[in-house]
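Below: one structure, written as structure tokens.
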Amino acid sequence: MKYLCDEPHWEIEGNPDFALFFSNLSGLIDGPAILAISGSSLDNNVKDYLDQIKVSPANDTRCEPHFLGPDGYHLQLTVESLDGLAQLSEHHAEPEIADHMIVYRDSNVLLEWYDAGSNPIWICREIEKERVKNFGRAVHCEIKAVNEVV
């Protein structure tokens with residue numbers, strides 16, 4: 001399996017507040033996309049919300065249910081779904097919201113955040129630099145371009 005970190009990518013350094021992350025994600029991702037979330041300690045209120053808005057995962061992506069684990073959810077990336085997650089984030093600890101998050105469109109992964117809240121966010125280089133810079137400012141984190149991968 002290939003990850004965004006295995007190729008040139010943008011990296012958001014620091015650990016943005018989940019509410020800020022969800023509130024600003026639609027400004028980073030242009031057009032329709034899917035947000036995949038998994039977690040081993042999701043709160044029941046969070047699970048209930050995700051169950052209400054989940055969609056079937058795309059067949060042509062590396063975000064398959066087994067990759068996210070048994071508790072993986074796929075959601076349309078909409079202002080409404082993100083607002084709901086931002087509101088939940090204000091009342092729950094990060095592990096109760098998500099351990100891992102991936103945004104994809106068709107078979108293209110646009111964003112990966114593994115061990116969310118602890119590791120950097122990796123963003124596909126196809127996303128415009130200005131959008132990434134604006135997102136970094138909005139979530140109070142630094143961005144860097146990672147050009148070489150070992």
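Some observations on this one:
- Hydrodynamic radius of the chain per Kirkwood, over alpha carbon pairs, in Å: 15.3
- Spatially near lysine pairs across the chain, Cα under 29 Å, sequence gap of 8 or more or different chains: 7
- Built amide H within the under 5 Å cut-off of LEU110, gap 5+: VAL103, TYR104, ARG105
- Check: segment 4-146 dipole with +1 on Lys, Arg Cβ and -1 on Asp, Glu Cβ, in debye: 320
- A dipole drawn for the chain from +1 and -1 charges on Cβ atoms has a positive end, and of LEU82, CYS5, MET101 the residue lying farthest that way is CYS5.
Here, each number is a calculation from the coordinates, and none is a lab measurement. In this text the structure is predicted, and so the values were computed from the model without any measurement. Neighbour counts are summed over all protein chains in view; Cβ atoms, including those assigned to glycine, are modelled from backbone coordinates with ideal geometry.
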